[in-house]
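Participant: Here it is: the structure, laid out below.
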Amino acid sequence: MLSADQQAISDTFARVDPALRWRDTAWSAGTASGAPVLDGAIARFECARYAIHDGGDHRLFLARVTAAAHAENAVPLLYFNGGYRFLN
């Protein structure tokens, strides 16, 4: 979960070219899996695949949380109805 001041990271990951997503993005290795987690995020979840279900023209992946962390008193970045929103 990104913080309100991480809109640029959100925009970066929304780009079509996946090669650009991690190029200038600060990250560290997760504590449980070693998977990349975004630095400065206000909450993060590391997960392990639990199940895959057929969804017709797509697949549904279910995961089990193996590690989680959060920051106290942080303001989240929200995206709703085509735009960013902020909590006051």
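Participant: Relative to the Cα centre, what is the charge dipole magnitude of the chain, using +1 at the beta carbon of each Lys and Arg, -1 at the beta carbon of each Asp and Glu, and rounding to the nearest 20 debye? Kindly include the intermediate steps, with their values, before the conclusion.
Facilitator: Numbers: 8 positive and 9 negative charges, 33 e Å.
Roughly 160 debye, rounded to the nearest 20.
Participant: Continuing with this model, one more query. Between (i) 10.3; (ii) 7.5; (iii) 5.6, which entry matches mean projected area of the Cα convex hull in nm² as derived from the coordinates of this structure?
Facilitator: Correct label is (ii).
Participant: Here's something else I'd like to know. Using amide H atoms built in the peptide plane, which far-off residues or other-chain residues are under 5 Å from A69 H to H?
Facilitator: R44
Participant: Which residues' amide hydrogens lie under 5 Å from the amide hydrogen of S3, considering only partners 5 or more residues apart or on another chain, with H built in the peptide plane?
Facilitator: Hits under the 5 Å cutoff: I42, L77.
Participant: Amide H of C47 versus every other amide H placed in the peptide plane: which residues, excluding those fewer than 5 positions away on the same chain, fall under 5 Å?
Facilitator: T66
Participant: HN-Hα J couplings of segment 20-29 from phi, Karplus 6.51/-1.76/1.60, θ = phi - 60°, integer Hz, Gly and Pro as x?
Facilitator: Karplus values, whole Hz, x for Gly and Pro: 7, 5, 9, 4, 10, 9, 6, 8, 9, 6.
Participant: Next question. Counting alpha carbon pairs within less than 8 Å and at least 6 residues apart, what relative contact order, in whole percent, applies to the chain?
Facilitator: Working: 117 pairs, mean separation 25.5, N = 88.
This gives 29 percent for the chain.
We did not get these values from a lab; they are worked out from the coordinates using the rules stated. Computed from a predicted structure; not experimentally measured. FYI the Cβ positions are ideal-geometry reconstructions off the backbone, even for glycines, and counts take in every protein chain you see.
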